[in-house]
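Scroll down for the structure; my scribbles are underneath it.
Every read-out reported here was derived from the displayed coordinates using simple, explicitly stated rules and does not represent laboratory data. Quantities reported herein were computed from a predicted structural model and do not represent experimental measurements. Cβ: placed from backbone, ideal geometry, glycine included. Neighbour counts: every protein chain shown.
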Amino acid sequence: MAMPSYAVTVEKIIPWGDYGASTHIFYKSNHSDTSTNLFSSRIEMSADSTQRLYFEFHSNTSADTMPSVDNEPTATDGLYTLMGVTMLFDGQAVAMLGSAKTYSYVDDGAQHNRNDENNENNETYYSFTPRNAKGHSDLVRLLKSATSPVSVRFRGETIYLPVMGFMKIWNADEHR
């Protein structure tokens with residue numbers, strides 16, 4: 001069964017290099033809530049000292065709305081839920097491994113309970129990186145060779161990831 005794809009309304013894009021080794025897309029979903037979501041990609045050194053791509057998503061939705069996790073059991077590590085998902089980059093499926101965390105934030109000076117399902121101030125944060133070396137190298141090659149934004153399909157939404165500036169940031173010495 002195919003997942004529906006929903007359009008988004010982009011509010012702001014911060015290109016690669018304007019805010020460190022990352023790009024950020026602020027948007028609203030056209031199919032659900034009116035809150036602003038954030039999709040980001042960043043380049044960092046991993047625990048094994050290799051350069052890695054990470055993809056992050058912040059939303060007011062609950063972790064319970066996460067799509068199927070590749071038929072794998074989900075493990076809980078403290079407040080984080082570990083999971084695997086498949087993301088599509090220009091139609092190319094990439095297996096990702098990552099985590100999700102639901103938390104609350106302070107609004108109008110009041111601390112909100114993160115376990116309150118009716119609390120509109122709960123946010124969910126997802127962070128993913130390609131699951132294996134082949135998926136990672138294929139994705140880096142795609143971003144380096146793209147001449148226009150790369151479509152990213154995640155959670156039934158399609159977001160266009162900027163590529164201008166990616167190669168310069170990826171090749172910079174400060175990430176090695």
Inset, instruction - Estimate the FRET efficiency between A172 and K134 by the formula 1/(1 + (r/R0)^6), using the beta-carbon distance for r and 22 Å for R0, to the nearest 0.05. - result: 0.40
Legend entry - Sequence-distant lysines (8 or more away, or on other chains) whose Cα lies within less than 24 Å of K168: K12, K134, K144
Inset, instruction - Beta carbons within 10 angstrom, averaged per residue: use that to sort the peptides 86-97, 139-150, highest first. - result: 86-97, 139-150
Legend entry - Net lengthening on full extension, S151/E44 (0.36 nm per residue, minus Cα-Cα): 36.4 nm
Inset, instruction - Please list the non-local residues whose amide H lies under 5 Å from the amide H of T36, H modeled 1.01 Å from N, same-chain partners needing a gap of 5 or more. - result: none
